[in-house]
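The values are calculated or read from the model by the stated rules, or taken from the named source; none is laboratory data. It should be emphasised that the depicted structure is a prediction, and the values quoted were computed from it without experimental measurement. As a convention, Cβ positions derive from the backbone with ideal geometry for all residues, glycine included, and neighbour counts pool all protein chains shown. Ligands, DNA and RNA are stripped out before the accessible areas are found, and what is left, the full protein with its side chains, is counted by its heavy atoms. Shrake-Rupley method; radii C 1.70, N 1.55, O 1.52, S 1.80 Å.
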Amino acid sequence: MKRILISAAAVLLSGAVYAADAIVAPDLPPVVDLKPAFDWTGGFVGLHGGYSWADATAGYDDPLYAALGGPLSMDPSGGFGGIQAGYNYQASNNLVVGFDASLSYADISDSIPDVLAGSGTIESNTDFVGTLRARTGYAAGQFLPFVSGGLAFARSEAYSTDLGRGDTKTQVGWTAGAGLEVGINERWSVVGEYMYTDLGEETWFEGEAFSSTSDTTSNAARFGVNMRF
């Protein structure tokens, strides 16, 4: 009888050990990476180029010259290219905010007859433009549509061939636009955008009899490449 009890206990014990071996810990769910598949957060530097077309209207400040010369209208246009740098921050809801600063060498010019003098020309030329803008966009993976707005400035010259001299000004105004940036990979992206700029009023040859006041607005298409870090 004793042997029977010992044998039964051994069988039960071996069964319990087998059952314990048969219990396997359940598979844990894979760790979910909450980081966006494409993250726009970080700084960037790059190069850009584009084309600008403007509308500048001016009138002589002196009533007599204004009557003789009438209003002046110029349509400066030309290319530009330069560098840009900035920073983006992507929030958890995929909203992207940041800033962009740019400086460009430009060749944006026009020339009209000097109707007041009866000969020669009046020439306009812009050789540097720059912007400092805030940007807001929505990240759809590697695509970032955005709007922008901020400060704009340009160094321009009005030149009279009859007088043989010109007047150079740094005009300051505002700019706004929209665009699309596309990420090629984690480091590189390309961007295209449209910008409207209003440089406001500027007085040329101030204090002289033939001084004039202009009002300048412009449009620009800009394309670039950014290296992000």
Practice prompt. Along Cα→Cβ, 7 Å out, is where each label goes; now give me the distance between the ones at residue 41 and residue 169 in nm to one decimal.
Written response: 4.5 nm
Item to complete: Express in nm, to one decimal, how much length is gained between residue 184 and residue 73 on full extension, taking 0.36 nm for each residue of separation and deducting their alpha carbon distance.
Response: 35.6 nm
Item to complete: Treat each spin label as a single point 7 Å out from the Cα along the C-beta direction, and report the residue 115 to residue 140 distance in nm.
Response: 4.9 nm
Discussion item. Using a 1.4 angstrom probe on the protein heavy atoms only, could you order 40, 174 from most to least accessible area?
Written reply: 174, 40
Worksheet, complete the sentence: Extend 7 Å from the Cα of residue 161 along its Cα-to-C-beta direction; within segment 106-148, residues with backbone N under 16 Å of that point are 109-125
Discussion item. Cut-off 12 Å, label point 7 angstrom out along Cα-to-Cβ of residue 57: give me the residues of segment 212-226 whose amide nitrogen falls inside.
Written reply: 214-217
